[in-house]
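One structure below.
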Amino acid sequence: MYSPIARIVRNQLAGIPLLRRWRDACGEPLQQYHDISYNVGVCRHHIGAAQRLGSLAPLGQTLVEIGPGGNLGNALILIASGARRVYCVDNYRHVDFQFKLTQFYRDLIADILAHPDQLPITDPALWDRRRAAQALAEAVTFARDTVTFNPDRIAYLAPCDAQTIPLPDQSIDVLFSHAVLEHVKHPAAVCREFSRIIKPGGYFSHVIDLRDHFDPCGLAMLRYPAWLWHLMSSNSHGHVNRCRAAHFEQFFRDAGLTLLQLQATAILGDVERIPMVISKEFSGLSIKQLRILGLSVVGIR
Ligand SMILES: C[S@@+](CC[C@H](N)C(=O)[O-])C[C@H]1O[C@@H](n2cnc3c(N)ncnc32)[C@H](O)[C@@H]1O
């Protein structure tokens with residue numbers, strides 16, 4: 001864990017445009033999740049949650065994934081499951097690195113077609129291997145070591161902030177994100193943007209990681225006042241907004257979104273790890289609220 005001073009210095013350096021460009025040029029794709037079972041798990045979680053609440057997703061539907069990160073595997077799984085089109089919105093263009101992932105996508109496609117039981121589909125009788133293979137061939141093409149996505153099936157919108165998504169009002173059937181909303185700078189505005197693009201009766205599902213990314217066993221970040229936290233983390237690529245479960249609940253409701261399911265997915269076991277003195281934006285929250293370290297939210301517009 002870095003000291004606050006070291007974090008302020010790192011954050012200020014990260015704000016210098018030339019250094020940012022250099023960091024981006026030296027960047028590598030997010031490696032940690034180039035794992036087919038991770039993609040399958042994410043799709044099954046979000047689409048399964050919407051289906052259990054009455055959605056027919058993804059059959060013939062238009063979906064948005066916010067913050068896909070290092071690979072567009074979820075979009076491929078959704079296309080193979082019958083989605084009409086998938087938009088992948090990320091404020092950082094991780095997928096410029098796709099040339100390194102050709103084999104990952106080839107393996108993912110082979111795996112999907114060989115094991116359709118892992119797809120997020122409501123009625124396996126409606127799934128047809130030939131149609132799925134054709135949809136995938138339409139969505140992605142391989143040439144030597146590069147991968148190209150057909151924007152009519154998989155549209156990668158990046159860099160694009162979730163606060164201003166270039167999609168028409170009420171045009172999306174399902175919108176989801178996984179470990180993203182804790183990173184957006186203005187979560188209330190982002191929820192309003194979601195509310196604008198989701199169709200009335202359309203679904204949303206988000207998994208939000210509320211842990212302290214620098215203190216995974218505790219919540220040391222809550223001790224810093226907002227201005228100091230800003231100095232420490234505003235330019236960092238993995239900026240964490242520190243909002244708690246209660247804040248997110250309020251943002252969704254204020255945006256006119258109806259929450260159908262709200263589940264704490266992780267709880268801080270060791271209450272001693274909550275700092276004795278915490279910044280005033282968290283001081284009104286109960287210990288029970290503060291202990292929530294992960295949230296799964298499903299709802300309808
Ligand atoms: C921790 S990664 C999660 C990636 C992926 N969903 C996963 O589960 O592996 C967070 C992702 O959110 C993206 N992100 C952060 N803030 C964003 C914003 N304001 N708008 C769109 N994407 C954002 C980041 O670029 C990154 O790809």
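The values are calculated or read from the model by the stated rules, or taken from the named source; none is laboratory data. This one's a predicted model, so the numbers in the text were calculated from it and none came from an experiment. For neighbour counting, all protein chains shown are included, and Cβ atoms are generated from backbone atoms with ideal geometry for every residue, glycine included.
Is it the case that Asp107 is surrounded by fewer than 20 Cβ atoms within 10 Å (Cβ to Cβ), within 26 Å of Val180 (Cβ to Cβ) and out of contact with any His (no Cβ under 6 Å at 6 or more places or on another chain)? Outline the logic, then answer.
Working: surrounded by fewer than 20 Cβ atoms within 10 Å (Cβ to Cβ): yes; within 26 Å of Val180 (Cβ to Cβ): yes; out of contact with any His (no Cβ under 6 Å at 6 or more places or on another chain): yes.
The answer is yes for Asp107.
From the list Asp152, Asp173, Asp145, pick out the single residue that is assigned by TED's automatic domain parsing to the domain that holds Gly41, modelled with pLDDT of 95 or more, charged (D, E, K, R) and farther than 20 Å from Asp254 by Cα. Please lay out each step first, then the result.
Values: Asp173 fails: assigned by TED's automatic domain parsing to the domain that holds Gly41; Asp145 fails: modelled with pLDDT of 95 or more.
Exactly one of Asp152, Asp173, Asp145 is assigned by TED's automatic domain parsing to the domain that holds Gly41, modelled with pLDDT of 95 or more, charged (D, E, K, R) and farther than 20 Å from Asp254 by Cα, namely Asp152.
Test Lys199 against the criterion of being at pLDDT below 95 and of a type in the set (D, E, K, R), and give yes or no.
For Lys199, the condition - at pLDDT below 95 and of a type in the set (D, E, K, R) - is not met.
Looking at Glu272, is it among the charged types (D, E, K, R), over 30 Å from Leu19 (Cα atoms) and within 18 Å of the chain's Cα centre (by Cα)?
no
Kindly state which helices (runs of 4 or more DSSP H) lie completely within segment 152-269 and contain at least 3 residues that are within 29 Å of Val9 (Cβ to Cβ) and more than 10 Å from the ligand (Cβ to nearest atom).
Values: elements: 187-197, 226-233, 245-254.
Per the criteria, 226-233.
Select the helices (runs of 4 or more DSSP H) contained entirely in segment 3-114, then report the ones holding at least 3 residues which are at pLDDT 85 or above, under 15 Å from the mean Cα position of the chain (by Cα) and more than 11 Å from the ligand (Cβ to nearest atom). Don't jump to the end; show me each part of the working.
Values: elements: 4-14, 17-25, 36-52, 73-80, 102-114.
Helices (runs of 4 or more DSSP H) meeting the threshold: 36-52.
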